[in-house]
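Sharing a structure, written as structure tokens. Questions coming.
The values are calculated or read from the model by the stated rules, or taken from the named source; none is laboratory data. Please read these numbers as outputs of a predicted model, since none were measured by experiment. Because the Cβ atoms are built from the backbone with ideal geometry, glycine has one as well, and the counts that use them run over all protein chains shown. All accessible areas refer to the heavy atoms of the entire protein, side chains included, with ligands and DNA or RNA removed. Shrake-Rupley method; radii C 1.70, N 1.55, O 1.52, S 1.80 Å.
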Amino acid sequence: MDLRSLRYFVAVAEERHVGRAARRLHMTQPPLSRAIRGLEDELGVEVFERTPKGVVLTPAGAVLYDEAGALLARADRIRGRVAAAAGAAHLAVGTLADAAEHVGGRLVPAFRARHPRTRVTVRESDLGDPTAGLRGGLVDVAVTRTPFDATGLVTHALRSVPVGVVVRDDDPLAGRASVRRADLAGRRWVRLPDGADPLWTAYWTGGPPDDASPAVRTVQDCLRAALWNGTSALAPVDQPLPAGLVAVPLADRPPSELVVAWPQAVRNPLVRDFVRLAVGGWGG
């Protein structure tokens, strides 16, 4: 029985509904339901009675709720005293633009709620650095996309997203259900920043870049180049697009993974806790 499982249990007990508790915990419902079932299996009792309107505590669950509340309060006091003794803590989080809203809007507030004495900063990187600051030692942990050279890093996949070619809606390919790489021959492609990771560059460009165009450093730069200049670009198929652009799935390119990454040699409990929140926040 760990503290995370008890926090999950308390949230469900107080919300009386797994879906509402999942939103409160900044996670999706399936991993929360699995955690509650795992807790019940470990204890050998049912802690909730399931009803059409939600859940209610069983007698055993009511006892666990009282004990869990006291234990979690004690754990929070211990965490606070340890943090105070160590001085002000800091966690630097790196991200690419397409994940910045989720990181800054959901993960960081959830992390701050658990570590109110820790200063958290978010560093948004451009397309020249797919490690989002990890490789340069600028951040402690990052939420980013593959592929890139992960030597010396640990990555945990959060979700997998197919990739599409972004074209104007009057492009001959725009009405296709999907395309293959052979369909893209002869197209002009955006140019990623010089010196970017070769694995990253090879994956996110569908062909030789348009050397006459300036390097694009953000997703928005890519979309503007596609819209204004008719240059082709690759992007996750769920990337929000402005009017006038469409993303046609690229059938013979493997999906990109959204990952949380951190240095292999680091043993930072703040990083471990952020990783746990990220995994829960994207569905486990």
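Looking only at the stretch 158-170, filter to residues that are more than 18 Å from Arg253 (Cα to Cα) and touching a Leu at 6+ places or on another chain (Cβ under 9 Å); which one of those is most open to solvent (accessible area, probe 1.4 Å)? Full working, then the answer.
Step one: of the stretch 158-170, the residues more than 18 Å from Arg253 (Cα to Cα) are 158, 168-170.
From the residues that got through so far, the ones that are touching a Leu at 6+ places or on another chain (Cβ under 9 Å) too are 158, 168-169.
On the way: Leu158: 13, Arg168: 83, Asp169: 98 Å².
Taking the candidates together, the pick is Asp169.
Any residue that is in a loop (DSSP other than H, G, I, E, B), buried (at least 16 other Cβ atoms within 10 Å of the Cβ) and among the basic types (Lys, Arg) - is there at least one of those in the stretch 199-218?
Within the stretch 199-218, one or more residues are in a loop (DSSP other than H, G, I, E, B), buried (at least 16 other Cβ atoms within 10 Å of the Cβ) and among the basic types (Lys, Arg).
Can you tell me which residue is farthest from Pro240 (Cα to Cα) among those in the stretch 81-100 that are outside any helix (DSSP H, G or I) and at pLDDT 70 or above?
Out of the qualifying residues, it is Ala89.
Can you pull out the residues in the stretch 21-33 that are open to solvent by less than 50 Å² (accessible area, probe 1.4 Å) and part of a helix (DSSP H, G or I)?
Ala21, Ala22, Pro31, Leu32, Ser33
Continuing with this model, one more query. With respect to the numbered conditions (1) free of Cβ contacts under 8 Å to residues at least 60 places away in the same chain; (2) touching a Leu at 6+ places or on another chain (Cβ under 8 Å); (3) closer than 28 Å to Ala22 by Cβ, which one is the sole condition not fulfilled by Phe148?
Here Phe148 clears every test but (3).
Against the condition aliphatic (A, V, I, L, M) and either at pLDDT 85 or above or over 25 Å from the mean Cα position of the chain (by Cα) (or both), how does Val279 come out, does it pass?
So Val279 fits the description; yes.
How many residues, within the stretch 34-79, are assigned to a loop (DSSP other than H, G, I, E, B) and among the basic types (Lys, Arg)?
Of the stretch 34-79, the ones assigned to a loop (DSSP other than H, G, I, E, B) are 44-47, 52-53, 58.
From what's left, among the basic types (Lys, Arg): 53.
Residues meeting the conditions: 1.
Conditions tested, residue by residue: (1) charged (D, E, K, R); (2) open to solvent by less than 100 Å² (accessible area, probe 1.4 Å).
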site: Val10; (1), (2): no, yes
site: Glu14; (1), (2): yes, yes
site: Gly19; (1), (2): no, yes
site: Ala35; (1), (2): no, yes
site: Gly38; (1), (2): no, yes
site: Leu43; (1), (2): no, yes
site: Glu46; (1), (2): yes, no
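Arg4 passes all but one of (1) open to solvent by less than 60 Å² (accessible area, probe 1.4 Å); (2) in a helix (DSSP H, G or I); (3) under 19 Å from Ala113 (Cα atoms); which number fails?
All conditions pass for Arg4, except number (1).
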